[in-house]
Amino acid sequence: MARPKGSKDKRPRKPRLDSIKNAVKDRGKTLHEGKPNPEAPYGYSVNGEPLATPPKPPRSEAGRIRLQKSLEAKGLVKKRPGASPGRPESPVDPEQVKAMAAIGCTNEEMASVLKCSVDTLSRKFANLIAEHRDKGRMSLRRLQLRIAQGHTAEYQTDPETKIPVLVRPAMPPNAQMAIHLGKHWLGQKDAPAQNNILVANGAKAQGIPSEMSPETEARLAALFLEICPEAAEGAVSLDKSMEVMVA
């Protein structure tokens, strides 16, 4: 097909869809530049065989496609230029997806590193990401439990010298990790201190929760009144750390 007059583009133009339809319609009986096809004056069948009688149009879309493919194989019809496929998708390594999901990366972070879209990850690797994220959480829980429990030192005997060699040093149990796991796994909570003694008008007030025995509370209240006479005039409290605070 000719270019517009004055065009500097010398590349051959793609055939238009109308020319492809016309070539399929005449079944290849007309060659380029309008010359008849001596090999098949009536064109070709859907199976690619020359016709001896005038042809009939294909009865179905499947027959039209078969005829087009046979003409393409003979070079009488150029392949239909499809729509622009756009930018090809970058290949994504599943092993890299597994490794990043295991350390808890988000889909956005993985898409940024792998140079792909979040939709591509969700469409192709949703199950793989979910599986290895769960495995990463399990590994973290296992490590936390090992830190909370601690372990003894491990030795391995040298086969030549028969001397034990330290392979892994001992690690004592970690109380902070044990408390953390107790709060999050077992639902444990820190109980507030409830052994404060409130003294008002020279006597211990009633209804104040305490972990002390009644005898100990009475003695402590009497001793507190001797040390702090101001308690008989107002109300002050004595907590377990023996610090006086105004109630």
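The values are calculated or read from the model by the stated rules, or taken from the named source; none is laboratory data. This is a predicted model, so every value here is computed, not measured. Note: ideal-geometry Cβ built from the backbone for every residue, glycine included; neighbour counts use all protein chains shown.
Beta carbons closer than 8 Å, at least 6 apart along the sequence or on distinct chains, pair a first residue in the range 18-47 that is over 11 Å from Leu71 (Cα atoms) with a second that is of a type in the set (D, E, K, R) and at pLDDT 75 or above for Pro36/Lys29; Asn37/Lys29; Ala40/Arg27; Ala40/Lys29; Pro41/Lys29; Tyr42/Arg27; Tyr42/Lys29.
Take Pro172 and tell me if it is at pLDDT 85 or above, in contact with a Gly (Cβ under 8 Å, 6 or more places away or on another chain), not assigned by TED's automatic domain parsing to the domain that holds Thr216 and not β-branched (Val, Ile, Thr). It is true that Pro172 is at pLDDT 85 or above, in contact with a Gly (Cβ under 8 Å, 6 or more places away or on another chain), not assigned by TED's automatic domain parsing to the domain that holds Thr216 and not β-branched (Val, Ile, Thr). Each residue in the range 139-164 was checked for being surrounded by 11 or more Cβ atoms within 10 Å (Cβ to Cβ) and assigned to a helix (DSSP H, G or I), and 10 of them qualify.
Quick check: is even one residue across the range 211-227 at positive phi, surrounded by fewer than 10 Cβ atoms within 10 Å (Cβ to Cβ), at pLDDT below 85 and of a type outside the set (A, V, I, L, M, F, W, C)? No; the residues of the range 211-227 include none that is at positive phi, surrounded by fewer than 10 Cβ atoms within 10 Å (Cβ to Cβ), at pLDDT below 85 and of a type outside the set (A, V, I, L, M, F, W, C). Within the range 38-55, the set of residues being hydroxyl-bearing (Ser, Thr, Tyr) and surrounded by 13 or more Cβ atoms within 10 Å (Cβ to Cβ) comprises Tyr42, Tyr44, Ser45.
Can you name every residue in the range 19-45 that is touching a Lys or Arg at 6+ places or on another chain (Cβ under 7 Å) and either of a type in the set (Gly, Ala, Ser) or at pLDDT below 75 (or both)? Residues satisfying the conditions are Ile20, Val24, Gly28, Ala40, Gly43.
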